[in-house]
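Data block below; observations after.
Just so you know, all these numbers are worked out from the coordinates, no wet-lab data involved. Not measured: the values here are computed from a predicted model. Quick reminder, even Gly has a Cβ in these numbers, built from the backbone with ideal geometry, and neighbours come from all protein chains shown.
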Amino acid sequence: MMDAGFDGVHLDLEPLRPDDGDYPKLLERLRPAVHGRGGVLPVAAHQIDPLPGLRTVGGTAVGEGTWWSQRFFGRVARRVDRIALMSYDTWLPLESPSGGYVARQTELALQAAPDGVDPLMGLPFLPTDDLGHHAGAEAVSAAVRGGGGWGWG
């Protein structure tokens, strides 16, 4: 990629199983190679489990989930230059809980990221109304404003 004139390599592996031990190992090997050529290594990250243990319950109820633990988010963040958290596709039907969810994701990401690695927040921008997306609730305006729904935010 860098031979083609790009400034680095951005990884967005989906789905990436929660707490996949091979992913941090890949980043440990890739980062020096990218940095050695003067590049940057940003990655996309799955959402962080908003409440301890919720991903375990959710995974049992609907199959393998993709929420990362806050610990795993931190492990990945320590191995990259930037980490973009995909804080959308939440299934939340109302604006206040949706905004509060993004606020909670931001808080968890900031707590886990090391100094020098600023988390970037991926915000919802898809005007889709279906079972998993509610355009009136899961919107950039709600995400930027945050919220207080469900005690988040």
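Below, the figures for the structure above:
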| item | result |
| --- | --- |
| Cut-off under 5 Å, modelled amide H: who pairs with A45 long-range | A84, L85, M86 |
| Cα centroid separation, the stretch 104-120 to the stretch 1-34 (Å) | 19 Å |
| Cα-projected label distance for V144 with V40, points at 7 Å along beta-carbon direction, nm | 2.1 nm |
| Extension gain (nm, one decimal) between A135 and D12, 0.36 nm per residue minus Cα-Cα | 41.9 nm |
| For A84, net neighbour charge (Lys/Arg +1, Asp/Glu -1) across residues whose Cβ lies under 15 Å away | -3 |
| Amide H contacts under 5 Å for G8, placed H, 5+ residues apart | V40 |
| Residue-wise HN-Hα coupling along the stretch 12-29, computed from phi with Karplus coefficients 6.51, -1.76, 1.60 (Hz; x: Gly, Pro) | 9, 8, 9, x, 10, 4, x, 6, 5, x, 6, 5, x, 5, 4, 5, 4, 7 |
